[in-house]
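Heads up: the structure comes next, in structure tokens.
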Amino acid sequence: MGHEEELTAEQVDLGVSALRGSLRRTWRDFCATSSIHGLRYTRDEDTNRIVHFVWLLISLVMFSCAVAMAHTFYVDFRSSPTRMNVESDYTPINSLYFPPVTICPEVLFNMQKSKAFLETLRLPQGADVAGILRQLNIFYGFMLDDARFADREIEQMESVLSLNNLTLEDFVEHLRWDCRQILHRCRYHGRIVACSELFQLSKTFFGNCCSFNLRQQGLPDSLCRLNFTAQRAAGGLGNGLSVILRYQDDNYDPLQSYSYGVMVLIQDTSAFPSAHAVSKFVAFNTEVFAALRPEETFCSAAVKALTIEERNCVLGNEFHLRYFPDYVYPNCELNCRVTNMVKFCGCHTYFFDFNRTADRICSFRDIPCLVDNFANIITRERSTQCYCPLTCEHFDYDVQISNFPLHTNMPVVDPFYSDIAENDGILHVFINSFSYRRVRQDLLSNMVTLVSNLGSAFSLFVGMSMLSVVEILYYFSIILRKNYLQECRARTNLLQMLQREGPKFAQPKTNKSPNKSVFIIHKS
């Protein structure tokens, strides 16, 4: 390897320290034998210093390029360590639950039912049933900021509650729609069944609605508890859900309510029905076909083993919400909304009450506060936004709608269509395939891939490998120590020789110019 066992006097440069001399010899030996490309030309004795400098510059540039590429690989590994792979496009659809379907009337309350209830109440002085019915649109103040209400209207509605010793939820309970007043006939998996076996009353952002196959926990005792029916999915129109919609309300006025139909929401099983769901409008006097194409996203075991920061998403049990029992992204956004309600107005609206906290339920007197702070409540301002990580595992539904005019006089043999009326609406929700797509979130690269990428970068530019790293450690530890000890022994021997032989002229090797001779005179 070019390093002798002992150094001669001519090989010792007394113009530098022993450490520097040993480093110089170690570097020369390393360049001569290293597997790293280009280094041996920086110490080639057959060329001049200009060539040495050029090769040293080239080696430094190549090494810098290798470091830059290695840094790029590492940053990519840390920033996006996962990727999405389609595991299968042909997973049997019967392994899924049928997606939740929520039907919400476009008007909050049944006017016929509301009128009958108001007639049994004590009303404030100067108020009548017709006037209170017209003021029921004040409930939209709990949801939107489209209108502002006079103090007289607010106090009148508060008086109705206080005179009859009612809470706001009790009042809503007597005004709301029942599912049997919206759903006339239901069919599932080709069998006509009572709608009460499929649909149950649920709380939504749009008030009280009727939901099928929705998991919703923590409802107060005034509502029946919504049980998850766990109905399995099957492909095709005949295995879907069909509903005949009919408002049982003699006082319903589509012109006054600006609506003539119902809203259909389709979302994740554990999600609170809201504007985050897939929302479609089903008009009366039409037959609507909603074809669903589900897609499931799930994580591999390797991704689940990553930290939340590395995979940029959370599993259901890793992030807890104050107002909702299950974590999905829409619930987190709504949880933020409820939190802002309590922050700015000291209460939350009645349809967000799940008996999970002791926070006060907003009354009519809180509506001005809710309207004035609407922008902050729905997180339009960055300062009121909350951290809501994406969920790693979820279902997405692509919904395609086809609608046709409903012909009541068309002869049919299907008993489901018997006795349909002129203002009915018919909804069919079905999965239009017998299979669905599963997308797996997997590791884009693991530690083995990262090391391979780093090795390829250094191998491409400077020809380094893991063996080169071992060489560097070997030369600048073992060989450097050996050279240093040799340097020290050689210097000691040289001084002892000069002391024994008396004053003599010597010409040891120095770092001066080779054209000049430097003589050292030693006196005893």
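Table for the structure above
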{"quantity": "Positions within the stretch 151-187 being of a type in the set (A, V, I, L, M), assigned to a helix (DSSP H, G or I) and open to solvent by less than 40 Å² (accessible area, probe 1.4 Å), in sequence order", "calculated": "Ile154, Met157, Val160, Leu161, Leu168, Val172, Leu175"}
{"quantity": "Test set (1) under 24 Å from Phe212 (Cα atoms); (2) under 24 Å from the mean Cα position of the chain (by Cα); (3) hydroxyl-bearing (Ser, Thr, Tyr) - Ser435 fails condition number", "calculated": "(2)"}
{"quantity": "Residues within the stretch 148-159 that are of a type in the set (A, V, I, L, M, F, W, C), out of contact with any Lys or Arg (no Cβ under 8 Å at 6 or more places or on another chain) and touching a residue at least 60 places away in the same chain (Cβ under 8 Å), tallied", "calculated": "2"}
{"quantity": "Condition check for Ser211: surrounded by 15 or more Cβ atoms within 10 Å (Cβ to Cβ) and without any contact (Cβ under 8 Å) to a residue 60 or more places away in the chain", "calculated": "no"}
{"quantity": "Residue that is surrounded by the fewest Cβ atoms within 10 Å (Cβ to Cβ) [pool: residues in the stretch 35-62 that are aromatic (Phe, Trp, Tyr) and at pLDDT 85 or above]", "calculated": "Phe53"}
{"quantity": "Strands (runs of 3 or more DSSP E) completely within the stretch 387-493 that count 2 or more residues being open to solvent by 40 Å² or more (accessible area, probe 1.4 Å) and not charged (D, E, K, R)", "calculated": "394-405"}
{"quantity": "Any hit, the stretch 184-201, residues being at pLDDT 90 or above, in contact with a helix residue (DSSP H, G or I) (Cβ under 8 Å, 6 or more places away or on another chain) and basic (Lys, Arg)", "calculated": "yes"}
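The values are calculated or read from the model by the stated rules, or taken from the named source; none is laboratory data. The structure displayed is predicted, hence computed values, not measured ones. Every residue, glycine among them, receives a Cβ derived from its backbone with ideal geometry; neighbour counts consider all protein chains shown. Keep in mind that these areas ignore ligands, DNA and RNA; they rest on the heavy atoms of the full protein, side chains included. Shrake-Rupley method; radii C 1.70, N 1.55, O 1.52, S 1.80 Å.
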